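Below you'll find the structure, written out as structure tokens, and then a few comments.
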Amino acid sequence: MPKPTSKPTPLTEDPRPLIGEPLALDLLNTWWMRDGVLQDLLAVPGGLAVWLASNGLDGRFPADTTTLTHVRSTRTALKLALDEGRTGELDAVLGRGRIRATLTAEGPGEIPEFDNPRWGPGWLAARSYLELLSTAPDRIRHCAHEACVLRFFDTSRNGTRRWCSMAACGNRAKASRHYARANTRSE
């Protein structure tokens, strides 16, 4: 009698600690740390569908293996552009689509077009990165907590946000500093 195989349960809810960032950063945030272990939303069954739904793209693009491959390659290209200044990979993703200007009864508009619709989510994320660069490149931030890999777009009034989340990384940093001060005093 064959042994039953257990398949991982597909995700239905977004498990990431930080969501709602601009699309490019939200795609990078499909990697995050939990208990010192790197997590990857795009490596689990249903992860792409969860990410697409979280960004309102689920009705426009399929959550299939081809789309997943293109989204993963875009995520890597974004990481290389942000961390190493390498732009060739991201430029190749951007070459997969274009913006077509339109005029409707409501006024001027833009429609993204792709050479293959399965490049759509990745292309939109790459385009989002260009928009962030043209808006405020200095506000694209990496969380200041040494064990965090999350990114965010600093929308604070004075531009001094340091943490992906004050409730998580900010409090951990404060607790570490307090603990270090308390241990220094007791010596």
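Bear in mind these aren't lab numbers, they're just calculated from the coordinates by the rules spelled out. Note that the coordinates shown come from a computational prediction; the quantities given were computed from them, not determined experimentally. Positions of Cβ are generated from backbone atoms using ideal geometry, with glycine treated the same way; all protein chains shown enter the neighbour counts.
Summary of computed values
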{"quantity": "By average C-beta atoms within 10 angstrom, highest first, the peptides 145-152, 36-43, 47-54, 88-95", "calculated": "47-54, 145-152, 88-95, 36-43"}
{"quantity": "P(r) histogram, all alpha-carbon pairs of segment 43-133 included - 5 Å bins from 0, percent", "calculated": "3, 14, 22, 23, 19, 12, 5, 2, 1"}
{"quantity": "At R0 = 25 Å, FRET efficiency that the Cβ-Cβ distance of residue 80 and residue 131 yields, to 0.05", "calculated": "0.85"}
{"quantity": "Sites residue 149 and residue 116 - FRET efficiency at Förster radius 30 Å, r taken between beta-carbons, to 0.05", "calculated": "0.50"}
{"quantity": "Simple Cβ-charge dipole of the chain, Lys/Arg +1 and Asp/Glu -1, about Cα centre, in debye nearest 20", "calculated": "640"}
{"quantity": "Extended-chain gain in nm, criterion 0.36 nm per residue less alpha-carbon gap, residue 11 and residue 40", "calculated": "9.2 nm"}
{"quantity": "Distance-filtered residues of segment 105-134 - backbone nitrogen under 13 Å, label point 7 angstrom along residue 87 Cα→Cβ", "calculated": "130-131, 133-134"}
{"quantity": "Signed unit charges on C-beta, dipole axis of the chain, positive-most listed residue 133, 117, 160", "calculated": "160"}
{"quantity": "Residue-averaged [θ]222 nm for the chain, counting only DSSP H segments that reach four residues, each worth -39500 (n - 2.57)", "calculated": "-12000 deg cm²/dmol"}
{"quantity": "Extension reserve of the residue 101-residue 165 stretch, reckoned as 0.36 nm per residue once the Cα distance is removed", "calculated": "19.3 nm"}
{"quantity": "Axial C-alpha extent at least 24 Å, average Kyte-Doolittle at least -0.5 - helices from the chain (DSSP)", "calculated": "65-84"}
{"quantity": "Dipole magnitude of segment 41-110 about its Cα centre (Cβ charges: Lys, Arg +1; Asp, Glu -1), debye to nearest 20", "calculated": "120"}
